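**Student:** To start, I am sharing the structure in question, which I have written as structure tokens.
Throughout, read-outs are computed from the coordinates displayed, never taken from laboratory work. On a predicted model such as this, the values are computed, not experimentally measured, just so you know. Because the Cβ atoms are built from the backbone with ideal geometry, glycine has one as well, and the counts that use them run over all protein chains shown.
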Ligand SMILES: C[S@@+](CC[C@H](N)C(=O)[O-])C[C@H]1O[C@@H](n2cnc3c(N)ncnc32)[C@H](O)[C@@H]1O
């Protein structure tokens, strides 16, 4: 795994963060050193996808990057057939995903689409995953996207949403930021790297509060909305379209 040194050298002018070729090359290292509990969160999301997937339907991975979730889905579905649509705006990420696809062993089919998740028609879906991606969409357009996801889901379908969040209260925010900076330092990032990346992400990654996520999901009409994983300023949410118990209780398999 190539080491992330994208922000290691002092830059005269910090350009807005982009998922370009330089980032795609070191993305796995960036993810595990910048996202607390990244491996656990994505592994569990693949498990939830497997548990709630309805045969003959589609799964969508919006902001799929270079396919970490796709790989875990292939492993967890084993011999079960599935259809997964991976969507991303970054061509360098999708190129990496495409190269990895041939090494995935599964009975499933994975289609990759280069484009914005806003332009994709979501239909016949039982699982939609938006892992660390809604935060990059213009805040004014997030409600619409979540409503469209809800409409494209079948009864009993789920949305798995993980995001960096911001605390509504100054004390809570200061505490979360301090512990997040400490996490990055412990993972070998220098103070220069931390501050340059933060500047590059400003206006590009705009986090919502957890309350805003809940309000949006409830407004879209999800009937069950819960945080299943939280680490200071990161939260993973499970939202279910009614009837909640339908798929989960009907499926005979257990974790
Ligand atoms: C932090 S990464 C997501 C990580 C990935 N979901 C995972 O679990 O490994 C965000 C991804 O979303 C993509 N992205 C940003 N805006 C997007 C949009 N409007 N539609 C689709 N993809 C988008 C970026 O190119 C990037 O690959």
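**Student:** Condition first: touching a strand residue (DSSP E or B) at 6+ places or on another chain (Cβ under 8 Å), in contact (Cβ under 8 Å) with a residue 24 or more places away in the chain and more than 9 Å from the ligand (Cβ to nearest atom). Now tell me which residues in the stretch 87-112 satisfy that.
**Tutor:** Answer for the stretch 87-112, where residues must be touching a strand residue (DSSP E or B) at 6+ places or on another chain (Cβ under 8 Å), in contact (Cβ under 8 Å) with a residue 24 or more places away in the chain and more than 9 Å from the ligand (Cβ to nearest atom): 97, 101, 104, 108, 109, 110, 111, 112.
**Student:** Name the one entry in 17, 52 that is surrounded by 15 or more Cβ atoms within 10 Å (Cβ to Cβ), within 13 Å of the ligand (Cβ to nearest atom) and over 16 Å from the mean Cα position of the chain (by Cα).
**Tutor:** Numbers: 52 fails: within 13 Å of the ligand (Cβ to nearest atom).
None of the other options fit; the residue is 17.
**Student:** Filter the stretch 55-70 down to residues that are farther than 18 Å from residue 91 by Cα and buried (at least 20 other Cβ atoms within 10 Å of the Cβ) and give me whichever is farthest from the ligand (Cβ to nearest atom).
**Tutor:** So the first thing to find is which residues in the stretch 55-70 are farther than 18 Å from residue 91 by Cα, and the list is 55-59.
The next check asks that each one be buried (at least 20 other Cβ atoms within 10 Å of the Cβ); those that pass are 58-59.
On the way: 58: 16, 59: 13 Å.
Applying the filter and picking the extreme gives 58.
**Student:** Kindly indicate which of 73, 42 is within 25 Å of residue 231 (Cβ to Cβ), within 9 Å of the ligand (Cβ to nearest atom) and touching a strand residue (DSSP E or B) at 6+ places or on another chain (Cβ under 8 Å).
**Tutor:** Numbers: 73 fails: within 9 Å of the ligand (Cβ to nearest atom).
Checking each option against the conditions leaves just 42.
**Student:** I'd like the residue in the stretch 129-157 that is touching a helix residue (DSSP H, G or I) at 6+ places or on another chain (Cβ under 8 Å) and farther than 14 Å from residue 216 by Cβ and, out of all such residues, is surrounded by the fewest Cβ atoms within 10 Å (Cβ to Cβ).
**Tutor:** Per the criteria, the residue is 155.
**Student:** On to the next question. I'm trying to understand the selection: among the residues of the stretch 47-102, which are within 20 Å of residue 240 (Cα to Cα), touching a helix residue (DSSP H, G or I) at 6+ places or on another chain (Cβ under 9 Å) and in a strand (DSSP E or B)?
**Tutor:** Scanning the stretch 47-102 gives 58, 59, 60, 61, 62, 84.
**Student:** Out of 89, 83, I need the residue that is surrounded by fewer than 20 Cβ atoms within 10 Å (Cβ to Cβ), under 19 Å from the mean Cα position of the chain (by Cα) and closer than 15 Å to residue 132 by Cα. Which one? Give the derivation first.
**Tutor:** Working: 83 fails: closer than 15 Å to residue 132 by Cα.
Matching residue, one of 89, 83: 89.
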